[in-house]
Amino acid sequence: MGSIQLFSLVAIVICLGSGIIFYLINNKNRSRRDRSFSVISGQAKSGDGIGSRLDRDKRRSEMAKKLKETDPDKRKEKRGSVKDLLKQAGFLYTSPLKFWLIAFVFGTVSTVLIKFMWGVAGFKLILIAVTLYLGVPRFILKFMVKRRQKKFLKEFPDALESMMRLLKAGMPIGEAISMVAREFEGPVSEEMQRVYDEQKVGIPLGEAVLGVAERVPLPEVQMFATGISIQQQTGSSLSEILQNLATVIRARFRLKRKVDALSAEAKASAGIIASLPVFVAMALYFVNRDYILLLFITATGKNLLMGCAVWMSLGVLVMRQMINFRV
């Protein structure tokens, strides 16, 4: 029986490793094809005339197309890829290959520990291994993305107002962005510094802020990229655009806070319901230790405990989706 379990574990590892390798090869070919298309489009764009009205309309349509591609509501498929998630989490120089290698090591070590510590085998071990290989690393990466976006959104209105004051004082847009990158910390400083560096190497400001909208797919950043792109096309007052944008972002932030306050009761109820079984199990442990230890020392108890953990996790996810209000 032990050899059969070992053979099944090795088969699982080989199948998952083959799937990861196939995905990486496919992703590499797709990225190579995307780079080829970008080079072709860049050559076609450089050969166009600039002076005529037709060319201006064409550039505006291309800019509108890029803005639609960076729209968070219309980039669901691209946003879910590991490459984009790594960019959004701030790991710009981490390749998907390195991520999947770390996930493979994490899944293998965790699966082996669970097998020898809990004695899990068969179909249950397969489910746990798939979750540890594919589910847990992406969940952690998405959590890091949301945490970075929350930090960015917290300081973004102040950064816009600081940039607006510097522009009114007569400072060029590039120096204003550099000053904001030095004065602020966290994701705002990183993104503004990246925009300034891209400008130094010759990338237009509109394309640089479009890159920010791709790395931070928030509606507020999309508004910022749209305003900068329109200003680059029309030549309107950039300080006024930034001031209006900061006002809109602060209004949206107040609305989110109001929604959080109104939904606080539902969130507290969900937290109490989710934590109640854990507290009851701890109370039973202190009251009657031999009674609760049957869940941990017998095979039936382990199966029941694992089933409870799975169903409780599903219940927590359902409650989280029910109380997650998007503004």
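None of the figures in this text is laboratory data; all of them are computed from the coordinates on show. Values in this document were obtained by computation on a predicted structure and should not be read as measured data. Please note: Cβ atoms are built from the backbone with ideal geometry, for glycine as well, and neighbour counts cover all protein chains shown.
What ranking, highest mean first, results for peptides 293-299, 133-139, 216-222, 86-92 when packing means the other Cβ atoms within 10 Å averaged over each residue?
216-222, 86-92, 133-139, 293-299
Could you size up the charge dipole of segment 174-255 around its Cα centre, putting +1 on the beta carbon of Lys and Arg and -1 on that of Asp and Glu, and report it in debye to the nearest 20?
260
May I ask you to sort Glu240, Glu185, Glu161 by Cβ crowding, counting other Cβ atoms within 10 Å and putting the fewest first? Intermediate results must be reported in sequence, preceding the final value.
Values: Glu240 14, Glu185 11, Glu161 18.
Fewest to most other Cβ atoms nearby, the residues stand as Glu185, Glu240, Glu161.
Taking K and R as +1 and D and E as -1, what net charge do the other residues with C-beta under 15 Å from the C-beta of Gly186 add up to?
+3
Name the shape class, rounded, prolate or oblate, that the alpha-carbon gyration tensor gives for segment 263-323, where a ≥ b ≥ c are the square roots of its eigenvalues, rounded holds for a/c under 1.5, and otherwise prolate holds if a/b is larger than b/c and oblate otherwise.
It comes out oblate by the Cα gyration axes.
Go through 123-131, 250-258 and give me the packing order, highest mean Cβ count within 10 Å leading. Intermediate results must be reported in sequence, preceding the final value.
Numbers: 123-131: 16.7, 250-258: 13.0.
Per-residue mean Cβ counts within 10 Å order the peptides as 123-131, 250-258.
Of Lys87/Lys154; Lys124/Lys151; Lys115/Lys267, which pairs sit farther than 30 Å apart, going by alpha carbon to alpha carbon?
Over 30 Å Cα-Cα: Lys124/Lys151; Lys115/Lys267.
Mind running the shape call on segment 150-252? Use the C-alpha gyration tensor, a ≥ b ≥ c as the square roots of the eigenvalues: rounded below 1.5 for a/c, prolate if a/b tops b/c, oblate otherwise.
Taking the square roots of the gyration eigenvalues as a ≥ b ≥ c, segment 150-252 is rounded.
Rounded, prolate or oblate: which fits segment 195-245 when a ≥ b ≥ c are the square roots of the eigenvalues of the alpha-carbon gyration tensor, with rounded for a/c under 1.5 and prolate only if a/b beats b/c? Show your work: numbers first, answer last.
Working: a/c = 2.07, a/b = 1.14, b/c = 1.82.
Since a/c reaches 1.5 but b/c is at least a/b, the shape of segment 195-245 is classed as oblate.
Just report the Cα centroid separation between segment 96-118 and segment 202-245, whole Å.
Cα centroid of segment 96-118 versus Cα centroid of segment 202-245: 42 Å apart.
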